[in-house]
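This report refers to the structure that appears directly beneath it.
We did not get these values from a lab; they are worked out from the coordinates using the rules stated. Only a predicted model underlies this, so the values are computations on that prediction, with no experimental measurement involved. With ideal geometry, Cβ positions are generated from the backbone for all residues, glycine too; neighbour counts draw on all protein chains shown.
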Amino acid sequence: MNRGHIVTGVVILVLASGVLGGVVGGLLVSGRSASVGPGEPVPAGTSCDVAQVAARVLPSLVTITVQGAGGSGTGSGSVLDQQGNLLTNDHVIAAAAISGTITVDFARGHVRAPASLVGRDPATDLAVIRVAPGAVPLTPITAGESAGLVVGQPVVAAGSPLGLTGTITSGTVSALNRYIDVGQGAAPATLVNTIQTDAAINPGNSGGPLTDCAGHQVGVNSAGAQVPGGGGGSIGLNFAIPMDFARSIADQLIRTGRATHPGIGLLAVTVTAEMATAIGLARGALVEQVVPSLGAAQAGIRPGDVITRVGGTTVNSVDQMLVAIRGHNPGDTVQVTFVRNGSEITTTVAVSGT
C-alpha cells in the first residue's frame, strides 16, 4: 500500500489504493440490484435514501486492476461518457502507466474489459483510462457541482475496498477546502480544496465516486487517515478530490493527454501566527523567490513581500495561496494583495500554466 506524508502528529495519510494478493484476490464479488433513473437533486441537510443512491451509482462504477513493472493492485473509477472514458486516481494506474495491463470490471456485469491510458496527472493524482465504447454497455455517471457542498451534507462513497466490488458507504461532509500532501518521495502530489468526509474510504476505494443524495458525483475518493499502529481501517477522516476540479483535469487529459496547472511564478513559505508576532510580519505567504518573466515578477512582486489575499480569498498560509490560485485558469488574471514594509499593495497578476 502506498503511504503519503504525515498530516498531523497523530494520523498518517494513506492513499486508498488496494494491493492484490492472498485473500484479497479471492474476494472479488459483484453487487446485484435494479437500476433506477436519475432523480431530482436532494437538498443539503436532508436524509439520504442510500439504497436509491446505490442503484443509481452502481451501473457507473468500475473496479480497475493493474499489473505492470511497478507492481499490481486494484482501485475504483467511474464512467464519464459514452466514449468509454473512465475517471480514477493516478496512483491507481501508476504501476501500469509505462508498461503493463489495465483491466476493468463493471459493477453491473462485464468483467476483464481491457483499458488503455488516456492521460495521467501525478501532480493532482488524477487519471483517465478508456475502454472500447462498443465492447461494453456504458452508463455515464451524472456529474454534480462540488462547489455547492456544505459541511454536514450527507454523501455516499462507492468503490471496491480490498477488492470487494460494488461497496457503498455513507456519511457526511465533515469539512471543505482541505489541502492534503500525498506526494511519494520525489513525486510531488497534492489534493487541493479536498472534501473531508466520514464516509468510510478504505484501500481499493481510490478513484471511485463520492456522490450526493441524488447520485451525482461530487468528488473522487482518494485518501484516508490512519492512526499509526492502529490498523488499516477507516477512522472517519477521509478525503475526496472535488468533482468540479477533477472534471476540469479530466477534460484536459481527454483532449490533449496532459494537464496544465495554474501558477503565478513564485515560491513562498507560510508566516505562522508565532512568526508574525516574533518578527512583525503580516500573516500570509512570505515570498522567497520570484520566477523571472512570469506573472508575479511582471506585477512587481518581490522576495520579502507577504501575500495576504488572492482574488476574494484571504491567505494565511502557502496552502491557502495555492488553493486560491488553482481556482483560476492559465491565461486569467487575478488581484493579489501583499504587504511590503508595512504597506498594503494590490496588483493584477497574470496566471500561467505549468
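Side notes on the structure shown:
- The Stokes-Einstein estimate for region 262-353, based on a Kirkwood radius over Cα pairs and taken at 10 °C with 1.306 mPa s viscosity, is a diffusion coefficient of 125 µm²/s.
- A full extension of the chain between residue 98 and residue 279 corresponds to an added length of 60.3 nm, given 0.36 nm per residue minus the alpha carbon distance.
- Farthest positive-ward along region 218-333 dipole, Cα basis, beta-carbon charges - from 318, 223, 329: 329
- Rounded to the nearest 20 debye, the dipole size of region 262-353 about its Cα centre is 80 debye, using +1 on the Cβ of Lys and Arg and -1 on the Cβ of Asp and Glu.
- Listed residues 124, 144, 174: farthest to the positive end of the dipole of region 38-178 (Cβ charges): 124
- Computed from the C-beta positions of residue 110 and residue 255, the FRET efficiency with R₀ = 22 Å rounds to 0.25.
- Spin-label model, residue 50/residue 147: points 7 Å from Cα along the beta carbon direction are separated by 3.1 nm.
- With θ taken as phi - 60° and the Karplus curve 6.51 cos²θ - 1.76 cosθ + 1.60 applied, the whole-hertz 3J(HN,Hα) list for region 309-323 is 8, 10, x, x, 9, 6, 10, 10, 7, 4, 4, 5, 4, 5, 4 Hz, x standing for glycine and proline.
- Ordering 106, 338, 245 by the number of other Cβ atoms within 10 Å of each residue's own Cβ, fewest first, gives 245, 106, 338.
- Electrostatic bookkeeping for residue 290 treats Lys and Arg as +1 and Asp and Glu as -1; over the other residues with beta carbon under 11 Å from its beta carbon, the sum is -1.
- Listing 192, 173 from fewest to most neighbouring C-beta atoms within 10 Å gives 192, 173.
- Each Lys or Arg adds one and each Asp or Glu takes one away; over the other residues whose Cβ falls under 11 Å from the Cβ of residue 60, this sums to +1.
- Among 98, 64, 254, a tally of other beta-carbon atoms within 10 Å of each Cβ gives an order, fewest to most, of 98, 254, 64.
- Other residues whose C-beta falls under 14 angstrom from the C-beta of residue 75 contribute a net charge of -2, scoring Lys and Arg +1 and Asp and Glu -1.
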